[in-house]
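Accompanying notes for the structure given below.
The values are calculated or read from the model by the stated rules, or taken from the named source; none is laboratory data. Nothing here was measured: the structure is a model prediction, and the numbers come from that model. When we count neighbours, we look across all protein chains shown, and the Cβ atoms used for this are built from the backbone with ideal geometry, even at glycine. Side chains are part of the model used for accessible areas, which takes the heavy atoms of the whole protein and leaves out ligands, DNA and RNA. Shrake-Rupley method; radii C 1.70, N 1.55, O 1.52, S 1.80 Å.
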Amino acid sequence: MIEARNITRTYRTHGAFTGPRTVHALRGVDFTLPKGGAVSFIGESGCGKTTLGKILTGLETFDGGELVVDGTELSGLSPRRRAPYFRRIQMVHQDPYSALNPTRTVGQILGDPLRMRAKETGASRREQEDRAAELLELVGLQPDGVLGKYPHQLSGGQRQRVVIARALTVDPEVLIADEAVSMIDVSMRLGILSLLRDLRERLGISLLFITHDVATARYVGEGGELHVIYRGQVIERGPTDRVIQAPVHPYTQCLLSAIPVLRGIEEPGPDRLVPLASLDERTDTPGCLFAPRCPFATDACTAERPALVRLGDGAGGADDPGGADGAAGAGDAGDHRHACLHPEARHVVAVEAAV
Amino acid sequence: MTETLQTPAATEDRSAEVSVRDLTVVYRTDRGELPAVSRAGIELRAGEITGLVGESGSGKSTLALSLLNAVPAPGRIASGSVEVAGVGDVTKLEGKRLRRVRGGALGYVFQASQNSLNPLKTVGKQLLDLGRSHEVEDLQGLVRRARELAERMGLDADRVLDSYQHELSGGMRQRVGIVLALVLNARVLILDEPTTALDMISQAAVLDIVRAVHRENNLATLIVTHDMGVVSEVADRLAVMYGGRIVEHGPALEVLQRPSHPYTRALIGATARIVGDTTRARALPGRPPDLTTLATTGCVFRDRCPLASAVCEEEDPALVEWTPGRYRACHADPTGDRP
């Protein structure tokens, strides 16, 4: 289990012409990823979602907050003591075309990390080979056909399966999938997504799914949570379908409105919303980060930055999970939180057309 | 030069700006010349957006490039014609005359236009290069027109012209690509994967812009994409490609509602959707063919087709009009029953 508490990451740059600049890549992100669970992060490019993935895999440091893996807080440990924890968290890269070394066969690609892992587990050479074949079968490939092949001899979908198999060589408990299907052909995307869902169900692997394509987040399985991240801040989170069907933050609503409607099969949602302006990361505001683009912003929004609160809790209101939201037919609100002073559920995503 | 921008969309001018007939493009490989596009036919009409959908290796980008007669070696157009209104058959042109058509009559926005801009020159300098290579005398007029187009797309024109490509966001670069494609008053706009590298909000904004400039300039627009959602947002007509063939073609709404080719049906079924039952969606079995695995006899889709029968092994189905206005290349029954 991974728990992130108030993770922040700030970049300070000093350009020759632009002068000093501070970029808040993450402004205090919290989440809990239980065993076998799934948390999806969605947002525009530049919102910090990739930075988050890198921090969790140890490729990037964070400068505030706590990252707790199985009860151990990592920032206090030396890099050497930290390494075994990051072994449990593996990354599935976005682009299977560049994530695999073109000069090495699939067998070699899987062999190296298996050998490293064997130093810890004491697995024999034979066991390592068996494990490579077993992993390829697990990800839906024929070991005999694939082991001797080079990446260019495989399709995009097959390559991504190899990337996933490679991540599994070190027996991780968590997979971080950063845009794992965006480079895959449409006809095979669902295959990769159902593989990820399968790994959750069969091996109890937890999944952190990072994407800009919200629809794919629905396909990673039951019980998933959706976190919407904007300029480094989580502005809405809750059960995936709940957030998609009844988002309360205007940014989430804009993001979901932008999903193309499959005309003929779907009809546009009734309350579609477009942001007033395009993203400008340079201006810093003491108020709500989305206020400059928000169609519903009031003076209060530019004065004070709203914190993430449970839906239904007003300022200092009673603890009333999911009570006062007024979204019809959305069922139980679950743990639905938002950072908006004027939350209102709107239906923005497409509805299925009556046939 | 600037008038066309203000002209309202001409009423129902549906003459064909581009007609592709029987086009075959082959690539030379170790195994001889293999067809990337086989006997493809398509018409782009003024005032219509055509969506060309297919997976990687389906030949959609090759088809789009052959509209400019710009198929890179070792590929070549083996047969067929690409008639462009007022220009003639592009496949017969070469040298200076061909260069003038590219970017002149035919505006092309390249795949990942992020990477098609010169990183060493400002956008404005590249615009002037474009003007000079097309022997535009009134370069000031060209800049004026580029400014108007850029403003129309919600860009700060002066800032953009003075920027290097790395100073612009992905969505802005895509818009710059469209400005450069249209600045010489192209009648035809070809966009290859215009939104692939963009996030949802930029994608929606770019598609809005494509729709608007298309309407205002009464263009014949072709959008090449792998994304059914993009096509369904903007296209009037939809052509689906698989294994180098156009396997289905018709009015977009009808094709989406009642796909008649098993591949189209499967592709729609394999699209991750924001509503509906997630367990109903299915990935296609197998993988899309590439040049070397493409079937040489029979239907190219039969290996992945749920409706394949004996006749599919032997005979390559031709693209025929099975009901007025709709075309398909399949032996099976259009409703999805076995032949």
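Check the range A:69-79 and report whether any residue there is open to solvent by less than 60 Å² (accessible area, probe 1.4 Å) and under 19 Å from the mean Cα position of the chain (by Cα). Yes, there is a match, as at least one residue in the range A:69-79 is open to solvent by less than 60 Å² (accessible area, probe 1.4 Å) and under 19 Å from the mean Cα position of the chain (by Cα). Of all the listed residues (B:Glu193, B:Glu167), the sole one being closer than 20 Å to B:Thr221 by Cα and surrounded by fewer than 23 Cβ atoms within 10 Å (Cβ to Cβ) is B:Glu193. For the range B:16-133, the helices (runs of 4 or more DSSP H) that sit wholly inside it and include 2 or more residues that are open to solvent by less than 50 Å² (accessible area, probe 1.4 Å) and under 20 Å from B:Leu319 (Cα atoms) are B:60-66. Could we say that A:Gly36 is in contact with an Asp or Glu (Cβ under 9 Å, 6 or more places away or on another chain), of a type in the set (Gly, Ala, Ser), open to solvent by less than 30 Å² (accessible area, probe 1.4 Å) and not in a loop (DSSP other than H, G, I, E, B) here? In short, no. For the range A:225-248, which positions are open to solvent by 10 Å² or more (accessible area, probe 1.4 Å), within 12 Å of another protein chain (Cβ to nearest Cβ) and within 18 Å of A:Leu33 (Cβ to Cβ)? Answer for the range A:225-248, where residues must be open to solvent by 10 Å² or more (accessible area, probe 1.4 Å), within 12 Å of another protein chain (Cβ to nearest Cβ) and within 18 Å of A:Leu33 (Cβ to Cβ): just A:Thr240.
Could you grab me the full set of residues in the range A:204-223 that are open to solvent by less than 10 Å² (accessible area, probe 1.4 Å), within 13 Å of another protein chain (Cβ to nearest Cβ) and either hydrophobic (A, V, I, L, M, F, W, C) or touching a residue at least 60 places away in the same chain (Cβ under 8 Å) (or both)? A:Phe209, A:Ile210, A:Thr211, A:Val214, A:Ala215, A:Ala217, A:Val220, listed by residue number.
Please verify whether A:Thr50 is more than 11 Å from A:His227 (Cβ to Cβ), of a type in the set (S, T, N, Q) and in a strand (DSSP E or B), treating the condition exactly as stated. No: the conditions fail for A:Thr50. B:Asp290 passes every criterion in (1) surrounded by fewer than 16 Cβ atoms within 10 Å (Cβ to Cβ); (2) within 27 Å of A:Leu256 (Cβ to Cβ); (3) touching a residue at least 60 places away in the same chain (Cβ under 8 Å) apart from (2). State whether the residues of the range A:72-82 include one that is closer than 21 Å to A:Leu203 by Cα and either of a type outside the set (Phe, Trp, Tyr) or at pLDDT below 90 (or both). Looking through the range A:72-82, none of the residues is closer than 21 Å to A:Leu203 by Cα and either of a type outside the set (Phe, Trp, Tyr) or at pLDDT below 90 (or both). Among residues of the range A:249-261 being touching a Leu at 6+ places or on another chain (Cβ under 6 Å) and either farther than 25 Å from A:Gly28 by Cβ or more than 9 Å from chain B (Cβ to nearest Cβ) (or both), the one that is surrounded by the most Cβ atoms within 10 Å (Cβ to Cβ) is A:Gln253. Considering every residue within the range A:64-77, establish whether at least one is closer than 25 Å to A:Thr252 by Cα and part of a loop (DSSP other than H, G, I, E, B). Within the range A:64-77 (the criterion being closer than 25 Å to A:Thr252 by Cα and part of a loop (DSSP other than H, G, I, E, B)), the answer is no, since none of the residues qualifies.
For the range A:1-33, residues that are in contact (Cβ under 8 Å) with a residue 24 or more places away in the chain and either of a type in the set (Gly, Ala, Ser) or not in a strand (DSSP E or B) (or both) total 4. Looking at this structure, is A:Glu201 among the acidic types (Asp, Glu), free of Cβ contacts under 8 Å to residues at least 24 places away in the same chain and open to solvent by 10 Å² or more (accessible area, probe 1.4 Å)? The answer is no for A:Glu201.
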